[in-house]
Amino acid sequence: MKLAIFLSALFFCSYSIAQSGILVSKVYTWDNSPVSSKKNAATREIFSGSGAILSQHEMRGMELAKGQSKNYKANATGNERFFIIKKGPVKVSLNGKEYMLDRGSVVFVLPGDQVTFENAGDQTAAYYAMVYHSKAPVDLERGKKSGPSFVMDWKDMVAKPTDKGSTRQLFDRQTAMLNRFDIHVTQLNQGFKSHDPHTHTNEEIILMLDGNAEMQIGTDHQKANGGDVVLLNSMVLHNLTNIGTTPCLYFAIQWN
């Protein structure tokens with residue numbers, strides 16, 4: 001009995017350290033992420049830790065029951081927030097304006113701004129919530145010069161055809177936390193790879209909306225399916241191959 005308690009404590013201690021330390025380059029799955037439930041929402045702790053640029057970097061999956069809402073108050077701690085709708089419709093209230101958003105839409109929130117998400121449908125709504133804070137001093141003026149907090153509706157994102165599928169360039173801007181925050185969405189057709197395995201200085205997230213892929217991460221190969229989040233640290237060799245029978249649809253998020 002004592003041994004079981006000891007091993008259980010050791011497991012949770014190790015898990016806590018892994019979640020709060022430097023993040024590992026790998027596939028983080030939606031389905032296997034620890035879930036905690038409250039009255040208005042269920043939260044999936046996809047990952048939590050730090051990186052080369054960010055002292056705090058959290059990715060959570062949020063699920064709202066019909067009619068329920070989640071309010072993110074004006075951020076006294078100075079974190080930035082970035083959201084991607086996984087399943088809508090979701091009514092988003094940002095700085096006094098309301099938006100009705102569906103799957104693939106994004107919300108970017110500068111430090112000090114408030115945002116609320118409300119399930120506007122009949123079934124459970126879901127979205128990704130990324131919270132982060134830079135190691136470098138926060139530059140609110142730089143963030144505001146690049147533009148205010150904003151919403152991008154999936155319906156307004158223009159897809160440009162490529163020889164492998166299509167791409168949607170969402171934005172490439174400075175923020176209060178980041179010198180560069182670059183996001184695009186790729187549709188990768190069956191049998192194609194994103195590119196030859198390569199490295200780059202920027203850290204990156206590949207967030208899978210649809211499909212079945214194989215990620216090369218260093219010398220390892222891991223499966224990544226719809227809903228999963230892939231974290232890639234700086235200078236880690238990587239590429240993505242569509243191994244499914246339908247197109248892969250994913251966000252590519254880079255920062256420095």
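Distance between the C-alpha centers of the stretch 143-195 and the stretch 108-125? Whole Å please. A separation of 20 Å, based on Cα centres.
When the alpha carbon coordinates of the chain are projected onto the principal axes, the ranges are 55, 48, 43 Å, largest first.
Along its three principal directions, the equivalent ellipsoid of the stretch 32-140 from the Cα gyration tensor extends over semi-axes of 24, 17, 11 Å, largest first. Taking other C-beta atoms within 10 Å as the exposure proxy, Ile205, Ile53 rank Ile53, Ile205 from fewest upward.
With contacts taken as Cα pairs under 8 Å and at least 6 residues apart, the stretch 32-140 reaches a relative contact order of 33 percent. Arranged from fewest to most other beta-carbon atoms within 10 Å of their beta carbon, Ser25, Ser55 become Ser55, Ser25. Its DSSP H runs of at least 4 residues, each contributing -39,500 (n - 2.57), put the calculated 222 nm mean residue ellipticity of the chain at -3000 deg cm²/dmol, to the nearest 500. Inter-label distance, Gln114 to Glu141: 2.8 nm, where each label sits 7 Å from its Cα along the C-beta direction. Between His198 and Phe171, the C-beta separation translates, for a Förster distance of 30 Å, into a calculated FRET efficiency of about 0.85. In terms of Cα atoms, the Rg and Dmax of the stretch 155-255 work out to 13.3, 41 Å.
Label zone (Ala42, point 7 Å along Cα-to-C-beta; backbone nitrogen cut-off 17 Å) within the stretch 208-241: 227-228. Shape class for the stretch 197-238, computed from the alpha carbon gyration tensor (a ≥ b ≥ c): oblate, with a/c not under 1.5 and a/b at or below b/c. Taking other Cβ atoms within 10 Å as a rough exposure proxy, Met59, Met100 sort from fewest to most as Met100, Met59. In this simple spin-label model, placing a label point 7 Å from the Cα along the Cα-to-Cβ direction at both Leu237 and Asp220 gives a separation of 1.5 nm.
Rule-based calculations on the coordinates, nothing more; no lab input. Treat the numbers as computed from the prediction; the structure is a model and nothing was measured. All Cβ positions, even for glycine, are placed from backbone atoms using ideal geometry, and neighbour counts span all protein chains on display.
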